[in-house]
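Comments concern the structure below.
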């Protein structure tokens, strides 16, 4: 079974999610936009989420292509 189309679709979805997350994070209309503590907390949370999701995904794709 060829997994390449599924990997391409998953990659596109991840890139779209990343772009939309950054666009939402740069919303200057938010009342608490200039609150440095809240912004720092959100940035740390997003960084952890992307690290937990993207790093294993990249590793699994790399392993997939080696084992295949």
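The values are calculated or read from the model by the stated rules, or taken from the named source; none is laboratory data. Values in this document were obtained by computation on a predicted structure and should not be read as measured data. Here Cβ is always computed from backbone atoms with ideal geometry, including for glycine, and neighbour counts include all displayed protein chains.
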Legend entry - Close pairs from region 39-58: first over 26 Å from residue 6 (Cβ atoms), partner modelled with pLDDT under 80 and part of a helix (DSSP H, G or I), Cβ under 9 Å, at least 6 apart: 39/25; 42/25; 43/25
Legend entry - Odd one out for residue 66, checked against (1) at pLDDT below 75; (2) loosely packed, with under 10 Cβ neighbours inside 10 Å: (1)
Inset, instruction - Would you confirm whether any residue within region 37-49 is surrounded by fewer than 10 Cβ atoms within 10 Å (Cβ to Cβ), modelled with pLDDT of 75 or more and out of contact with any helix residue (DSSP H, G or I) (no Cβ under 7 Å at 6 or more places or on another chain)? - result: yes
